[in-house]
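None of the figures in this text is laboratory data; all of them are computed from the coordinates on show. Because the structure is predicted, anything quoted here is derived from the model rather than measured. We place every Cβ from the backbone using ideal geometry, glycine too, and count neighbours over all the protein chains shown.
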Amino acid sequence: MKKIEAVIQPFKLDGMTITEVRGHGRQKGHKEIYRGREYNVDLLPKVKIELVVGDGQAEEVIKTLTAAARTGKIGDGKVFVYDVAEAIRIRNDDRGDAAL
Ligand SMILES: Nc1ncnc2c1ncn2[C@@H]1O[C@H](COP(=O)(O)OP(=O)(O)OP(=O)(O)O)[C@@H](O)[C@H]1O
Ligand SMILES: [Mg+2]
């Protein structure tokens, strides 16, 4: 299993449950565009999406996410991928892929 964590521009999302975060990449927030305007602050609003999927689905999810979030401008965001050791559905003790 893989955990896919994406930090992307807030306006790229419509109707999903996400966490609002603040951050900066290598430009340290300087001269980044947010909602069409240039901002000069250290930490800019982003959204973080986290999802755990089976190994076989990870590449497709990453491709879909990056294609949807890409404008080609700085600050588009980043995707981090982690190995997940275990997943457990609390209701019935399902484990692994069956718990996803
Ligand atoms: N190395 C990192 N560790 C943790 N979070 C990061 C890291 N790099 C970026 N982020 C998060 O991702 C968000 C988007 O980063 P961003 O797209 O600006 O990365 P970048 O490396 O500066 O690339 P670009 O040159 O395209 O802007 C940041 O606001 C921050 O929240
Ligand atoms: Mg950046």
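If contacts are Cα pairs under 8 angstrom and at least 6 residues apart, what is the relative contact order of region 3-100 in percent?
Across region 3-100, relative contact order equals 36 percent.
Quick check: from the Cα gyration tensor, does the chain come out rounded (a/c under 1.5), prolate or oblate?
Here the chain falls in the prolate category.
Spin-label point model (7 Å from Cα, Cβ direction): what's the Ile74 to Ala98 distance in nm?
Taking the two extended label points, one gets 5.0 nm.
Under a 5 Å amide H to amide H cut-off, with H placed in plane at 1.01 Å, what residues pair with Gly23 once short-range neighbours are removed?
Leu44, Lys46
Suppose every Lys and Arg Cβ carries +1 and every Asp and Glu Cβ carries -1, with no other charges. What dipole size does the chain come out with about its Cα centre, to the nearest 20 debye?
So the dipole magnitude of the chain works out to roughly 580 debye.
Quick one: angle between helix 55-69 and the longest Cα principal axis of the chain, in degrees between 0 and 90, rounded to 10, please.
Roughly 20 degrees, rounded to the nearest 10.
Out of region 19-100, which trypsin sites (Lys or Arg not before Pro) are coil in DSSP terms and have no more than 13 other C-beta atoms within 10 Å?
When the trypsin sites (Lys or Arg not before Pro) of region 19-100 are filtered for loop state and at most 13 Cβ neighbours within 10 Å, Arg26, Lys28, Lys31, Arg35, Arg70, Lys73, Arg91 remain.
When the chain is fully extended, how far beyond the present Cα-Cα distance does His30 get from Glu5, taking 0.36 nm per residue of separation?
Extending this stretch completely gives an extra 6.6 nm.
Given points 7 Å out from each Cα along the Cα-Cβ axis, report the Gln57 to Thr19 separation in nanometres with one decimal.
Taking the simple label geometry, Gln57 and Thr19 are separated by 2.0 nm.
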